[in-house]
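The values are calculated or read from the model by the stated rules, or taken from the named source; none is laboratory data. These numbers were taken from a predicted model, which means no experiment stands behind them. Every residue, glycine among them, receives a Cβ derived from its backbone with ideal geometry; neighbour counts consider all protein chains shown. Areas reflect the complete protein model, heavy atoms only, side chains present, ligands, DNA and RNA absent. Shrake-Rupley method; radii C 1.70, N 1.55, O 1.52, S 1.80 Å.
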Amino acid sequence: MSMPMTQEHATPRFVCDVMLARLARYLRAAGYDTLLAVGHERDAELVALAAQEDRLLLTLDRQMLEHKVGWGRVRLLEHGTVEAQARRLAADLDLDWLSRPFSRCLVDNALLAPAPTSQVMQVPTAIRTAETQFMACPDCGRVYWAGSHHRRMQATLEAWQSPLRE
């Protein structure tokens with residue numbers, strides 16, 4: 001069985017417990033394949049999912065470390081701010097917060113694709129300019145563009161990246 005992150009340049013894939021929903025959203029915003037537990041899964045199920053799909057399980061639950069199948073797959077993060085958790089994770093795993101930003105759906109993790117005209121036409125007219133690029137989730141149909149929410153998330157990702165460049 002291969003262990004996650006054993007290859008020097010492997011792109012990590014994650015599964016976050018339900019208490020790390022905000023971190024999962026930012027990992028998706030950065031382009032990392034990140035599943036999010038919905039809350040009714042048993043610990044053993046999450047650990048098994050991480051093992052089956054070659055993912056790293058991120059959790060705040062110390063008991064997750066007790067599962068044998070999770071050896072090397074469970075990363076215990078500290079309670080605290082999402083920023084502190086993100087910086088710790090980035091330092092430990094050498095994450096690049098800016099390598100593939102906004103390439104995944106923030107809601108369901110699917111890879112985004114250019115939005116078809118039919119979906120773009122549902123966006124308010126004031127937003128639809130010739131310069132605006134629209135991306136869509138092929139699974140849930142959400143349409144994304146670089147609006148104010150995008151700019152705030154981009155600024156956060158850049159702030160988390162900056163210490164890595166120094």
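Things worth noting here:
- Beta bridges per DSSP with both ends in the chain, % antiparallel, nearest 5: 35
- Rolling a 1.4 angstrom probe over the protein heavy atoms with all chains in place gives the chain an accessible area of 57 Å² per residue.
- Axis of helix 148-165 versus longest Cα principal axis of the chain: the two differ by about 50°, to the nearest ten degrees.
- Along the axis of the charge dipole computed for the chain (Cβ charges of +1 for Lys and Arg, -1 for Asp and Glu, origin at the Cα centre), the listed residues LEU60, PHE102, MET121 are led at the positive end by MET121.
- Residue-averaged [θ]222 nm for the chain, counting only DSSP H segments that reach four residues, each worth -39500 (n - 2.57): -9500 deg cm²/dmol
- The chain, relative contact order [Cα under 8 Å, separation at least 6], %: 21
- Angle in degrees between helix 43-52 and the longest Cα principal axis of the chain, rounded to the nearest 10: 70
- Under 5 Å, built H, 5+ apart or other chain: amide partners of ARG75: LEU57, LEU58, THR59
- Cα centroid separation - segment 72-107 against segment 28-60, whole Å: 13
- Cα pair count fraction exceeding 23 Å, expressed as % - the chain: 43
- For ALA115, distant residues with modelled amide H under 5 Å away: PHE134, MET135, ALA136
- Taking label positions 7 Å along the Cα-Cβ direction at both ASP94 and ARG128, the computed distance is 4.6 nm, reported to one decimal.
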